[in-house]
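Report on one structure; see the data block that follows.
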Amino acid sequence: MNILYIHGLNGSLSEEKRTILEKYGTVYSPSIDYESDSNSIENVSRQFVNGDIDIVMGSSMGGFVGYYLSIAFKKPSLLFNPALVSRSVFQRVPDYSNPNRSFMQLVLGAKDEVVDPKDTLKFIGERIAENTDYHIFLRQDLAHRIPLDIFEYEVSSFFNQLSTWRPN
């Protein structure tokens, strides 16, 4: 299984989190400079269009990019505090659609002061008619940063949920 992990603004995938993900497959995590690349979604899409990506994951700004790549690649996704509504840097949003039913799991921190979970819920609510099975977990114990124990738990939960999910 090939996992595409998209890091947040000025971030990277830590070795500890990479080790957790490698239990489930091969991990690809490109370095993205969002501040100088306003086309990061398209550029990552082109980079992995033939890469046989099975899963898309991301956090914060990477969750924003992962949201659209999941649609473009027609692949399941796990997104932590995705910056779907507002971002500190401009990014072009391609017009992707997915006529097939897909699986998207979002983990939102109720204590997040960077990406407001209420805005994210509203964003998803406005797209509820889209052909996506949204699995949304609002964690009262989570702020913007994802501690290793929560990351490991949510990744395991994602793969467990995905193993029983069946598209129509």
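The values are calculated or read from the model by the stated rules, or taken from the named source; none is laboratory data. In this text the structure is predicted, and so the values were computed from the model without any measurement. Neighbour counts are summed over all protein chains in view; Cβ atoms, including those assigned to glycine, are modelled from backbone coordinates with ideal geometry. Just the protein is used for accessible areas: all its heavy atoms, side chains included, with ligands, DNA and RNA removed. Shrake-Rupley method; radii C 1.70, N 1.55, O 1.52, S 1.80 Å.
What are the DSSP H helices in the chain that stretch 24 Å or more along their long axis, judged by alpha-carbon atoms, and whose average Kyte-Doolittle hydropathy comes to at least -0.5?
Values: long enough: 148-164 (25 Å, 0.16).
Span-like helices in the chain: 148-164.
Bin width 10 Å, alpha-carbon pairs only: give the P(r) of the chain as whole percents, running from 0 to the bin holding the largest distance.
Pair shares across the bins are 10, 44, 39, 7, 0.
If each residue of separation counts as 0.36 nm, what is the full-extension length gain between Glu130 and Ile150 once their alpha-carbon separation is subtracted?
Details: separation 20, 0.36 × 20 = 7.20 nm, distance 2.86 nm.
Contour length minus the Cα-Cα distance gives 4.3 nm.
Full extension from Asp37 to Lys111: what is 0.36 nm times the residue separation minus their Cα-Cα distance, to one decimal in nm? Display every interim value, and only then the final one.
Working: separation 74, 0.36 × 74 = 26.64 nm, distance 2.92 nm.
My answer for the length gained is 23.7 nm.
What is the packing order of peptides 1-8, 14-21, taking the mean over residues of other C-beta atoms within 10 Å and listing the highest first?
Values: 1-8: 21.5, 14-21: 14.2.
Final packing ranking: 1-8, 14-21.
Between Asp54 and Gln140, what's the calculated FRET efficiency when r is the beta-carbon distance and R0 is 25 Å? Round to 0.05.
It comes out at approximately 0.20.
Cα to Cα, under 23 Å, and not fewer than 8 places away if on the same chain: which lysines meet these conditions relative to Lys111?
Reachable lysines: Lys17, Lys122.
State the percentage of accessible surface on the chain attributable to carbon and sulfur atoms; use a 1.4 Å probe and exclude ligands, DNA and RNA.
Values: 3880 of 8410 Å².
Result for the chain: 46 percent of the exposed heavy-atom area is carbon or sulfur.
Pull up all non-local amide H partners of Phe103: gap of 5 or more, or a different chain, and H-to-H distance under 5 Å with H placed in the peptide plane.
Ser77, Asp133
In nm, to one decimal, how far is the Asp119 label point from the Arg18 one, both placed 7 Å along Cα→Cβ?
Each label point lies 7 Å from its Cα, and together they span 3.1 nm.
Taking a probe of 1.4 Å, how large is the accessible area per residue of the chain, in Å²?
For the chain, the per-residue accessible area is 50 Å².
Quick query: amide H of Ile136 versus all other amide H atoms, modeled in the peptide plane; which residues come in under 5 Å with a sequence gap of 5 or more or a different chain?
Leu106
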